[in-house]
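Everything on this sheet refers to the single structure shown next.
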Amino acid sequence: MPARSPVIVDLKFIPREVEEALKGAFPDREVINLADPAHKSRDLSGIDYAVVWKSDPDLFSRAPDLKVVFSGGAGVDHVLTLPGLPDVPLVRFVDRSLTMRMSEWVVLQCLLHLRQHRAYETRARAHLWEDLSQPEAADVTVGVMGLGVLGQDAIRKLSVMGFRTIGWSRSKKSIDGVECFSGDELDAFLAKTDFLVGLLPLTPETKGIFNATLFSRLSRKGPFGAPVFINGGRGGSQVEVDILAALQSGVLGGASLDVFEREPLAKDSPFWEMDTVYVTPHVAASSDVRALFSHAEHQIGRLESGQPLQHLVDRKVGY
Ligand code: NDP
Ligand code: OXD
């Protein structure tokens, strides 16, 4: 039997977590973890597989013979822009735990806004016992942009919480109990949306899509009047000066942002301080590193036994 190709690991995750997860991963092949200084000038030619997240720009010139590239996350924008990316299959990370985490984050943000949590935190700090008029989830329509793996799971869980849910995607979807819009039906979707959730990949088409014009088309008929914007997709899809202006002028009533145009978010960004804004540091659905390696191992097993790879990225559309 021919020797099994090693796997290159180039992940800008928490190094200790990667090391821990590598114990027992890929049991029948060598793993070259590029975070280990011992591999700094290692010859990477002849190697078939790489698992990458925010790789060094010289990875593909160092490893010219890759047959498959695995993204360390569900999004692949960071891989597609790497210099010298070879024309080989690119597999993204689709995983139960990642999906669960994103839905937890989305449901949490919708509930924080629904239950006016910031207002109660402020009152609690002032030892103020005061109730606010409280709508219920069924009074709010959550519109999810992006009905892929994450968007559809988030919708299911929002529905369980009682929110009315609608969705928008590139191709038309049919989801029980959910009004689905596609492509040029965006305005009709926005007009019904009280809380807007972004779960889109970053592509040339979605760059800057969350902008002043889009915010101005959201519903103002919800129980709080002004709509709320929640983005767990990619920061490149949002125009932050427009979000700020919309929050300041009341076009938006609040926001939850996990992703930003530039990460980490600048220390002097006004978003940190705004009462109506929840900021999280791109952690809505961090990859479970052990699950990532099992997924890559499983896909390599499929390929080497003649089965097709799953979760392939369509390079033409960018996700
Ligand atoms: P999928 O590829 O499964 O779904 C993407 C969805 O977006 C699809 O419904 C797709 O439409 C839709 N879409 C793409 N382009 C357009 C467009 N131009 N117009 C309308 N709809 C469009 O991705 P996932 O659900 O797995 O992940 C979504 C994104 O979430 C990732 O790409 C990543 O950027 C982000 N993410 C963020 C994380 C975080 O921690 N903040 C963690 C994980 C992911 P169609 O169904 O027609 O193809
Ligand atoms: C991802 C992410 O794309 O964590 O998986 O952002």
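Can you run phi through the Karplus equation (6.51, -1.76, 1.60; θ = phi - 60°) for the range 131-143 and list ³J(HN,Hα) in whole Hz, with x for Gly and Pro?
Values, residue by residue: 9, 10, 5, 10, x, 9, 3, 5, 7, 10, 9, 9, x Hz.
Counting other beta carbons within 10 Å of each residue's own, what order do Met161, Met102 fall into, fewest first?
Details: Met161 15, Met102 24.
Going from sparsest to densest Cβ surroundings: Met161, Met102.
For the range 172-289, what are Rg and Dmax over the alpha carbons, in angstrom?
For the range 172-289, the Cα-based Rg and Dmax read 14.4, 44 Å.
Report, in order of residue number, the helices in the chain meeting two criteria: a C-alpha extent of 15 Å or more along the helix axis, and a mean Kyte-Doolittle hydropathy of at least -1.0; treat each whole DSSP H run as one helix. Write down the numbers at each step before the final one.
Details: long enough: 96-114 (27 Å, 0.59); 149-160 (17 Å, 0.47); 289-304 (22 Å, -0.27).
Once both thresholds are applied, what remains is 96-114, 149-160, 289-304.
Quick one: net charge of Arg217's neighbours, Cβ under 15 Å, K/R +1, D/E -1? Write out the running numbers ahead of the final one.
Values: positive: Lys192, Arg220, Lys221; negative: Asp184, Glu185, Asp187, Asp194, Asp242.
Residues near Arg217 contribute -2 overall.
Between Ser256 and residues 5 or more places away or on another chain, which pairs have amide H atoms under 5 Å apart, with H built 1.01 Å from N, and which residues are they?
Close amide H contacts, sequence-distant or interchain: Phe229, Ile230, Asn231, Tyr278.
Explain nothing, just compute: Karplus ³J(HN,Hα) = 6.51 cos²θ - 1.76 cosθ + 1.60, θ = phi - 60°, for every residue of the range 42-57 in order, whole Hz, x for Gly and Pro.
5, 6, 9, 6, x, 9, 8, 10, 9, 10, 10, 8, 6, 5, 5, x
Would you kindly calculate the mean projected area, averaged across all directions, of the convex hull enclosing the Cα atoms of the range 41-150, in square nanometres? Spell out each step's value before the answer.
Numbers: hull surface 44.9 nm².
Mean orientational projected area (the range 41-150, Cα hull): 11.2 nm².
Counting every Cα pair in the chain, what percent are over 26 Å apart?
When all Cα pairs of the chain are counted, 51 percent exceed 26 Å.
Project the alpha carbons of the range 96-279 onto their principal axes and report the range along each, largest first, in whole Å.
Extents along the principal axes: 50, 35, 34 Å.
For Lys23, go through the lysines and keep the ones whose alpha-carbon is under 29 Å away, minus same-chain ones fewer than eight residues off.
Cross-link targets: Lys12, Lys40, Lys54, Lys67.
Report, in whole Å, the centroid distance computed from the Cα atoms of the range 1-61 and the range 119-145.
47
Under a crude label model (7 Å from the Cα following the beta-carbon direction), how far is Ser305 from Asp43 in nanometres?
3.3
Please get the size of the charge dipole for the range 96-279, origin at its Cα centre, with Cβ charges of +1 on Lys and Arg and -1 on Asp and Glu, quoted in debye to the nearest 20. Please list the in-between numbers first.
On the way: 20 positive and 22 negative charges, 70 e Å.
Dipole about the Cα centre, nearest 20: 340 debye.
Label points 7 Å out from Cα along the Cβ direction at Asp28 and Glu185: separation in nm?
According to this spin-label approximation, the distance is 4.8 nm.
What FRET efficiency, computed as 1/(1 + (r/R0)^6) with R0 = 30 Å and r the Cβ-Cβ distance, is obtained for Ser286 and Thr81, rounded to the nearest 0.05? Provide the component values of the computation, followed by the final result.
Values: r = 21 Å, r/R0 = 0.69.
That pair, Ser286 with Thr81, gives E of 0.90.
State, to one decimal in nm, how far the label point of Glu205 lies from the label point of Glu19, with both points 7 Å from Cα in the Cβ direction.
Placing both labels 7 Å beyond Cα along the Cβ direction yields 4.4 nm.
Values quoted throughout were computed directly from the atomic coordinates according to the rules given, and no laboratory measurement underlies them. It should be emphasised that the depicted structure is a prediction, and the values quoted were computed from it without experimental measurement. Every residue, glycine among them, receives a Cβ derived from its backbone with ideal geometry; neighbour counts consider all protein chains shown.
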